[in-house]
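Bear in mind these aren't lab numbers, they're just calculated from the coordinates by the rules spelled out. Worth saying up front: this structure is predicted, and the values here are computed from it rather than measured. Note that we place each Cβ from the backbone using ideal geometry, even for glycine, and neighbour counts take in every protein chain shown.
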Amino acid sequence: MKILVCGGAGYIGSHMVRYLLEQGHEAVVLDNLSTGHAASVPEGLLETADLLVPSSLEAVFARHRFDGVIHFCARSLVGESVAQPYSYYENNVVGTLNLLQAMQKAGVSRLVFSSTAAVFGNPDTSLIDEEHPARPINPYGASKLMVERVLADAGPAYGLRSVALRYFNAAGADPQGDIGESHQPETHLIPNVLRAALGQGGGLKVFGSDYPTRDGTCVRDYVHVNDLASAHLLALQYMGSQEGAHTFNLGNGQGFTVLEVIEASRRITRHAIDFEQVARRPGDPAILVASSEKARRLLGWRPQFTDIGEIIETAWRWHQSQAY
Ligand code: UDP
């Protein structure tokens with residue numbers, strides 16, 4: 001298959017591109033390089049274009065004939081979305097609408113969409129499956145849920161086939177060590193913990209100590225970025241026989257608190273990791289853990305990195321190779 005990877009210069013997208021090539025597929029990367037890194041894209045695959053500039057998108061679709069699109073382009077920081085909602089709705093909703101219209105004009109009818117556990121808000125159950133009501137509590141989650149709704153409507157109206165994958169917390173790096181997670185500024189937990197282990201990053205903060213969890217810090221389900229990549233390819237294959245819009249939750253089904261992630265990182269890095277406990281970060285739900293039974297059953301998804309230590313270890317290898 002020849003696949004357009006929108007946002008393929010970013011963290012999850014660059015792992016996706018590598019996985020597609022390894023599996024014998026062709027990939028083209030569309031990215032505006034606002035947060036992605038051209039150096040993470042293999043030679044000759046980058047098309048610099050912007051979802052908010054429809055003519056730039058149409059030019060890419062005119063140059064290639066794609067069998068499907070995997071769409072990672074988004075603003076994705078919960079705290080920032082609370083402070084800058086217009087920017088989140090514009091980039092994530094309007095940008096995706098532009099992409100869908102460009103796909104329609106070009107006759108491309110299969111899409112894998114990056115959705116998020118943030119569509120669930122504060123969940124009612126400890127394991128969240130696809131039947132759980134979606135009630136986002138921040139603009140980031142709301143913007144992703146709006147797109148899921150658009151996809152559900154586009155199936156019957158236009159024959160679009162789509163799979164929305166709701167990632168829980170993407171983590172880790174390619175074990176080969178030459179691509180990984182690098183945001184500027186970095187807001188994610190595991191990169192910040194590992195930077196603190198290296199004595200970099202200006203002081204680790206733990207947001208909130210009074211959540212209703214076993215140690216008062218938030219619980220998250222960390223899933224390896226290469227396992228996310230394999231789910232996307234399975235989703236593309238699934239659409240070969242399935243019409244309409246589908247959603248799947250992707251996680252390991254096990255939650256870890258912020259303090260447990262720090263403890264595991266101390267063990268792996270053998271560095272003391274100091275931190276300061278500060279107030280809650282706006283928009284953070286207490287507990288998000290996935291049931292991925294549906295992805296296992298219908299996509300045949302089998303995550304390879306099921307141990308938090310192993311996931312942190314791959315991230316640690318990457319962080320040690322980076323000069324901040
Ligand atoms: N977190 C933290 N310190 C940091 C970054 C994150 O305490 O420097 C917490 C954050 O409040 C959340 C969890 O770690 O409870 C995971 O946050 P992250 O930003 O990695 O992912 P999110 O769950 O927001 O997608």
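Regarding segment 201-324, what's the average projected area of the Cα-atom convex hull, expressed in nm²?
Spelled out: convex hull of the Cα atoms, projected over all directions, averaged, 9.6 nm².
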Checklist entry - By how many degrees, 0 to 90 and rounded to 10, does the Cα axis of helix 54-63 deviate from the longest principal axis of the chain? => result 70 degrees
Item to check | Equivalent ellipsoid semi-axes - Cα gyration tensor, segment 63-114, angstrom | outcome: 26, 11, 7
Checklist entry - Relative contact order (percent) for the chain, with alpha-carbon contacts under 8 angstrom and 6 or more residues of separation? => result 20 percent
Item to check | Student exercise, the chain dipole from Lys, Arg, Asp, Glu Cβ charges, in Debye to nearest 20 | outcome: 240 debye
Next on the checklist: At 7 Å along Cα-to-Cβ for each site, give me the label-to-label distance between Tyr158 and His25 in nm.
Outcome noted: 2.0 nm
Item to check | Kirkwood hydrodynamic radius of the chain, from inverse mean 1/r over distinct Cα pairs, in Å | outcome: 19.9 Å
Item to check | Over segment 169-297, relative contact order from alpha-carbon pairs under 8 Å, at least 6 apart, % | outcome: 35 percent
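Please report the antiparallel percentage of DSSP beta bridges with both residues in segment 1-160, rounded to the nearest 5.
Counting only bridges with both partners in segment 1-160, antiparallel ones make up about 0 percent.
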Item to check | Qualifying lysines (Cα of each under 29 Å from Cα of Lys2; at least 8 residues distant if same chain) | outcome: Lys105, Lys144, Lys294
Next on the checklist: Show log10 I(q)/I(0) for segment 127-209 at q = 0.14, 0.15, 0.20 Å⁻¹, two decimals, from a solvent-free Debye sum over equal Cα scatterers.
Outcome noted: -0.76, -0.83, -1.06
Next on the checklist: Run the numbers for Gln200 and Gln277: contour at 0.36 nm per residue of separation, minus the present Cα-Cα distance, in nm.
Outcome noted: 25.9 nm
Checklist entry - Which part of segment 277-296 falls in the paramagnetic zone of Gln254, meaning amide N under 14 Å from the point 7 Å along Cα-to-beta-carbon? => result 290
Checklist entry - Which cross-chain or sequence-distant (5 or more) residues have an amide H under 5 Å from the amide H of Leu204, H modelled 1.01 Å from N in plane? => result Glu276
Item to check | Approximate spin-label separation Met1-Gln304, in nm, with each point projected 7 Å along Cα-to-Cβ | outcome: 1.9 nm
Checklist entry - Rounded if a/c is under 1.5, else prolate if a/b is larger than b/c, else oblate: which is segment 1-61, with a ≥ b ≥ c the root eigenvalues of its Cα gyration tensor? => result oblate
Checklist outcome for this item: Here, His183 and Ser87, labelled 7 Å along Cα→Cβ, have an inter-label distance in nm of 1.2 nm
Checklist entry - Considering only DSSP beta bridges with both partners in the chain, what is the antiparallel share in %, to the nearest 5? => result 5 percent
Item to check | Radius of gyration and maximum dimension Dmax of segment 134-176, Cα, Å | outcome: 14.1, 43
